[in-house]
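Report on the following structure.
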Amino acid sequence: GFSRYSVDERWLVPHFEKMLYDNAQLIELLALAWHRTHDPLYRQRANETVAWLAREMTAPGGAFTSSLDADSEGEEGKFYVWSRAEIDDVLGGDAAEFAAAYDVTAEGNFEGHTILNRLKDLPRNTSAGERNEKRLAALREKLLAARAKRIRPGLDDKVLADWNGQMIAALTRAALVFDEPEWIAMAQRAFAFIAEHMTRDDRLGHSWRDGRLLFPGLASDFAAMTRAALALHEATGERHYLDRALAWQHALERHYANPDNGGYFLTADDAEGLVVRPASTADDATPNANAVAAENLLRLAVLAGDDKWRTRADALFDGLLPAAAKNAFAHAALLNALDLRLQAHEVVVTGTGADAVRLATTALAQPWLNRIVVRAPNADALPTGHPARDKIAAAPATGAAFVCAGETCSLPVTTPEQLVALL
C-alpha cells in the first residue's frame, strides 16, 4: 500500500497515513504503466498493493474501509520503522544482506529508526538481480510476520460509496490487464455490499458504519459507483451491472442536475439544506464528480445503446469546458473525458464460440482509456442503426471483432493478434 505523500525532497520519509482513494488511483496507474512498459516492478507493486488491500483494508462483508492512521502508540510511523537490532533478531544470518539492500544502519535515517528504502541504485533487471529480488521478497515476508505482532495504527473503518467505487473500478480494470480474476471477485464482493447495504431503491447513501447509513449520498458517490458498475459490466458481460448503472444515472439526473451549467451539484435536491449547494467542477485529491459522470455518460451511450446519454454528455461539456479553458490543470479529469468523447473506439465482439471469448478477453486487456467493449452475440444485440449490425451477418458464428469509431466499423478480425494490431 502507498502512503499519502512524501515530506522530504528525497522521497524517503512518507506521511504514513494510507488512503483508499490514493491506492485505487495508483492501482489503475500501475496497470497502465505496466501495459506500456512491461516493467516487472509495476506488476509487483500492483500485486503488493492489492495484497495490502485484502489484508488490511477489507471490512466484513467485502467492502473497503477508508484509511489507516499515520501513528500508533502516539508516535508517527512507529508501526512501519525498524531498528538494526530488530532486523538482526528477525533475519539472523540474512540480516546483513537485507540491511545493505534497504539502507538499515545502527543510527537510522528517521528519528533514530530506519525507514526501509531502495533509494540506492542497485541492479534489478539482470538475472542475478532477479534472484536477489526473490531472496529479498522472502526476507520481507519474515519482517511482515514480525510486524503483525505490533500495535496497529488506527483504522477508519467506515465504508464510503465514492471511495469504494474508485477501488472497485481500479481492481476490475487492473485485473483485466494483469489477468488476475480474483481481483474481479474482490471488486464484485465490495459492489454487492454497497448495492445491498448502502442503496435505497435506486439511490445511494454516502457512508456506512455499524449498520448506520448516511443518506442521501453525494454526486461523487453516484459517479464513482456508476463507473464501477460499468467496469464490472464490461469485464463480466453481466447485465445486472449495466441495469444498476442506468438506475443510478437516472437518480443522479433527478436529484443532482445543475441546470445552470449542464453539470451536477454535489448534494441532492432533498438533502439537508445548505446556504449554497456545492457545485465545484475542479479536481481535488480525486477526479471531480462531473468529470467522472461525463465519462460514464459516454460509456452508457455505447453499452446501453442509447444516444441520449451522449447528448447529455455534450451538454455537460458545453457548460463546463469554459471553466476548464481558464484552468486546465484543475480540470484534467474533465479533459480526459473529453478525450474519450473525441477518441473513443468501440470493440464489438460477436459470436458465441471460443474465438469470441478469446477476442473479448484480448479487447478487455487493452488500456481502457478510450476503448469500450460490447458483447453482441448476434445483430439483434445491437441497437437499430448501429454500423456493425449489417456486418455481423457476414461474420463467422464462432467469433469475430469489429472496431468502430463514430459511424464507421472495420472489417471483421478473427484472431487476438489481428485485433491488437487493429487497435
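The values are calculated or read from the model by the stated rules, or taken from the named source; none is laboratory data. Values in this document were obtained by computation on a predicted structure and should not be read as measured data. Please note: Cβ atoms are built from the backbone with ideal geometry, for glycine as well, and neighbour counts cover all protein chains shown. Note: areas computed on protein heavy atoms with side chains; ligands, DNA, RNA excluded. Shrake-Rupley method; radii C 1.70, N 1.55, O 1.52, S 1.80 Å.
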Query raised in the report: Is there a residue in segment 123-143 that is surrounded by 14 or more Cβ atoms within 10 Å (Cβ to Cβ), of a type in the set (A, V, I, L, M, F, W, C), in contact (Cβ under 8 Å) with a residue 12 or more places away in the chain and touching a Leu at 6+ places or on another chain (Cβ under 8 Å)?
Result: yes
Requested in this report: Keeping to segment 1-18, report how many residues are open to solvent by 50 Å² or more (accessible area, probe 1.4 Å) and hydroxyl-bearing (Ser, Thr, Tyr).
Outcome: 1
Requested in this report: With respect to ALA161, determine if the residue is surrounded by 15 or more Cβ atoms within 10 Å (Cβ to Cβ) and under 13 Å from the mean Cα position of the chain (by Cα).
Outcome: no
Query raised in the report: Is it the case that LEU155 is touching a His at 6+ places or on another chain (Cβ under 7 Å) and farther than 14 Å from ALA235 by Cβ?
Result: no
Requested in this report: With respect to SER220, determine if the residue is of a type outside the set (Asp, Glu) and crowded, with 24+ Cβ neighbours inside 10 Å.
Outcome: yes
Report summary line: Taking segment 223-244 and keeping only residues that are among the β-branched types (Val, Ile, Thr) and open to solvent by 30 Å² or more (accessible area, probe 1.4 Å), one is left with THR236
Query raised in the report: Cβ-Cβ below 6 Å, separation at least six or inter-chain, first residue in segment 402-423 and closer than 17 Å to ILE392 by Cα, second outside any loop (DSSP other than H, G, I, E, B) and polar (S, T, N, Q): which pairs?
Result: LEU419/THR362
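Scanning segment 245-267 for residues that are among the charged types (D, E, K, R) and open to solvent by 70 Å² or more (accessible area, probe 1.4 Å), which turns out farthest from SER207 (Cα to Cα)?
So, considering only residues that are among the charged types (D, E, K, R) and open to solvent by 70 Å² or more (accessible area, probe 1.4 Å), the one farthest from SER207 (Cα to Cα) is ASP260.
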Query raised in the report: Does ILE27 count as surrounded by 20 or more Cβ atoms within 10 Å (Cβ to Cβ), touching a helix residue (DSSP H, G or I) at 6+ places or on another chain (Cβ under 8 Å) and within 30 Å of GLY211 (Cα to Cα)?
Result: yes
Report summary line: In segment 189-210, anything open to solvent by 50 Å² or more (accessible area, probe 1.4 Å) and touching a helix residue (DSSP H, G or I) at 6+ places or on another chain (Cβ under 8 Å) is listed as TRP208
Query raised in the report: In segment 43-81, what count of residues is obtained for those that are over 25 Å from ASP284 (Cα atoms), touching a helix residue (DSSP H, G or I) at 6+ places or on another chain (Cβ under 7 Å) and open to solvent by 60 Å² or more (accessible area, probe 1.4 Å)?
Result: 1
Requested in this report: Please give the number of the condition TYR21 fails out of (1) more than 19 Å from ASP156 (Cα to Cα); (2) surrounded by 17 or more Cβ atoms within 10 Å (Cβ to Cβ); (3) touching a residue at least 24 places away in the same chain (Cβ under 8 Å).
Outcome: (1)
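Each row is one residue, and each column tells you yes or no for (1) without any contact (Cβ under 8 Å) to a residue 12 or more places away in the chain; (2) surrounded by fewer than 17 Cβ atoms within 10 Å (Cβ to Cβ); (3) closer than 17 Å to ARG227 by Cα; (4) among the charged types (D, E, K, R).
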residue	(1), (2), (3), (4)
ASP269	no, yes, no, yes
VAL275	yes, yes, no, no
SER280	no, yes, no, no
ASP284	yes, yes, no, yes
LEU300	no, no, yes, no
ASP318	no, yes, no, yes
ALA325	yes, yes, no, no
GLN343	no, yes, no, no
Requested in this report: Go through ALA354, ALA333 for me and flag whichever is hydrophobic (A, V, I, L, M, F, W, C) and surrounded by 14 or more Cβ atoms within 10 Å (Cβ to Cβ).
Outcome: ALA333
Requested in this report: Spot the failing condition for ASP156; the list is (1) under 30 Å from THR199 (Cβ atoms); (2) buried (at least 18 other Cβ atoms within 10 Å of the Cβ), and only one is missed.
Outcome: (2)
Report summary line: If you go through GLY92, GLY108, the only one that is open to solvent by 10 Å² or more (accessible area, probe 1.4 Å), touching a strand residue (DSSP E or B) at 6+ places or on another chain (Cβ under 6 Å) and without any contact (Cβ under 8 Å) to a residue 40 or more places away in the chain is GLY108
